[in-house]
1. Give the residue that is farthest from Thr218 (Cα to Cα), with candidates limited to residues of the range 153-164 that are part of a loop (DSSP other than H, G, I, E, B) and open to solvent by less than 70 Å² (accessible area, probe 1.4 Å).
2. Answer yes or no: is there a residue in the range 6-19 that is part of a helix (DSSP H, G or I) and charged (D, E, K, R).
3. In the range 68-85, which residues are open to solvent by 10 Å² or more (accessible area, probe 1.4 Å) and among the hydroxyl-bearing types (Ser, Thr, Tyr)?
4. Inspect the range 52-62 for any residue being under 19 Å from the mean Cα position of the chain (by Cα) and at negative phi and give the result as yes or no.
5. In this structure, does Glu96 turn out to be among the acidic types (Asp, Glu) and open to solvent by 50 Å² or more (accessible area, probe 1.4 Å)?
6. Scan the range 39-60 and give yes if some residue there is open to solvent by less than 40 Å² (accessible area, probe 1.4 Å), assigned to a loop (DSSP other than H, G, I, E, B) and in contact with a Phe, Trp or Tyr (Cβ under 7 Å, 6 or more places away or on another chain), otherwise no.
7. What is the number of the single condition among (1) surrounded by fewer than 16 Cβ atoms within 10 Å (Cβ to Cβ); (2) part of a loop (DSSP other than H, G, I, E, B) that Glu112 does not meet?
8. Taking the criterion of being surrounded by 18 or more Cβ atoms within 10 Å (Cβ to Cβ) and farther than 15 Å from Val78 by Cα, would at least one residue in the range 131-140 satisfy it?
Amino acid sequence: MTSRSEKTWNYIILTVMALIVLWPVGTFVAAAVSPDRAGRPSTDLQWGNFATAWQQAEFAQSMTVSLIITASVVVLSVLLALMGGYAFGVLGVLGEKFLFPLILLGMMISLEVIIVPLYYQFRSLGLTDNLLGVILIHTAMGVPFGVFWMRAAFRTLPRAVFESAELDGAGAFRMLWSIAAPNIMPAVYTLILLNFMWTWNDYFLSLVFLHGDNQTATVALGVFQGKYVTQVNLMAAGGLIVAAPVLILYVIFQRKFISGMLAGAIKE
């Protein structure tokens with residue numbers, strides 16, 4: 001049993017740590033609504049900073065591009081990860097001991113190492129300054145982790161469930177979509193959130209492969225900050241605009257995200 005004094009000290013320590021973590025966030029938000037160019041906190045809140053940043057940075061176009069790329073990558077990555085994780089975690093794949101480590105190797109390759117040959121290869125295929133090219137690269141980079149994540153999730157399910165389904169005549173795809181996937185939805189939601197965050201926050205790949213009207217929100221934010229480097233309040237407002245989709249998605253899926261991170265604690 002935890003004593004009352006221990007609980008009190010635990011709450012005090014957690015409160016102090018939360019304040020330390022939230023303090024930079026609070027100052028950033030305060031700077032975004034400050035009428036002062038330097039972003040000094042003020043009681044006179046200037047909500048028009050968000051409208052100014054939105055118009056000057058042309059976020060309407062760039063955020064649309066980011067949403068198209070991110071949504072496409074999330075759908076493709078999650079579908080491929082589900083099928084790959086199911087194959088390795090439930091069905092068993094011929095040569096799994098060789099193929100699975102080979103897939104995991106993709107998690108160890110840094111984008112910076114392959115960006116130059118990748119650019120020339122995609123340029124020869126006409127996929128530079130093209131949303132499809134960026135979508136394919138993000139998907140390929142996200143699949144290794146997704147397969148690893150889904151394989152671990154599928155392995156937490158009791159084997160008896162699949163054996164019963166097989167006896168009832170269910171095929172592999174029927175078991176995947178009707179039995180396996182619905183039982184690991186917290187892990188799927190977590191993968192969706194992680195893929196969304198990684199793709200949305202990408203800067204380097206979009207900067208190299210996309211130009212002009214195809215620039216993403218993060219690149220547009222970088223250009224905007226370069227123009228308004230002395231106006232901290234507008235830069236902070238622009239940063240919050242770009243971060244908003246990820247924050248909103250996390251708030252919506254917060255409980256499912258935590259459940260997915262803790263999935264696998266109970267096994268057969």
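The values are calculated or read from the model by the stated rules, or taken from the named source; none is laboratory data. Small disclaimer: the values here were computed from a predicted structure and weren't measured. Positions of Cβ are generated from backbone atoms using ideal geometry, with glycine treated the same way; all protein chains shown enter the neighbour counts. Remember, those area values only see protein heavy atoms, side chains included, never the ligands or the DNA or RNA. Shrake-Rupley method; radii C 1.70, N 1.55, O 1.52, S 1.80 Å.
1. Residues of the range 153-164 part of a loop (DSSP other than H, G, I, E, B): 155-158.
Those left that are additionally open to solvent by less than 70 Å² (accessible area, probe 1.4 Å): 156-158.
Details: Thr156: 37, Leu157: 39, Pro158: 43 Å.
Top of the filtered list is Pro158.
2. yes
3. Of everything in the range 68-85, just one residue is open to solvent by 10 Å² or more (accessible area, probe 1.4 Å) and among the hydroxyl-bearing types (Ser, Thr, Tyr), namely Ser72.
4. Within the range 52-62, one or more residues are under 19 Å from the mean Cα position of the chain (by Cα) and at negative phi.
5. no
6. Of the residues in the range 39-60, the ones open to solvent by less than 40 Å² (accessible area, probe 1.4 Å) are 39, 48-49, 53, 57, 59.
Right, trim to assigned to a loop (DSSP other than H, G, I, E, B) and you get 39, 57.
Now narrow it down to the ones that are in contact with a Phe, Trp or Tyr (Cβ under 7 Å, 6 or more places away or on another chain): 57.
Checked the range 39-60: at least one residue is open to solvent by less than 40 Å² (accessible area, probe 1.4 Å), assigned to a loop (DSSP other than H, G, I, E, B) and in contact with a Phe, Trp or Tyr (Cβ under 7 Å, 6 or more places away or on another chain).
7. (2)
8. There is at least one residue in the range 131-140 that is surrounded by 18 or more Cβ atoms within 10 Å (Cβ to Cβ) and farther than 15 Å from Val78 by Cα.
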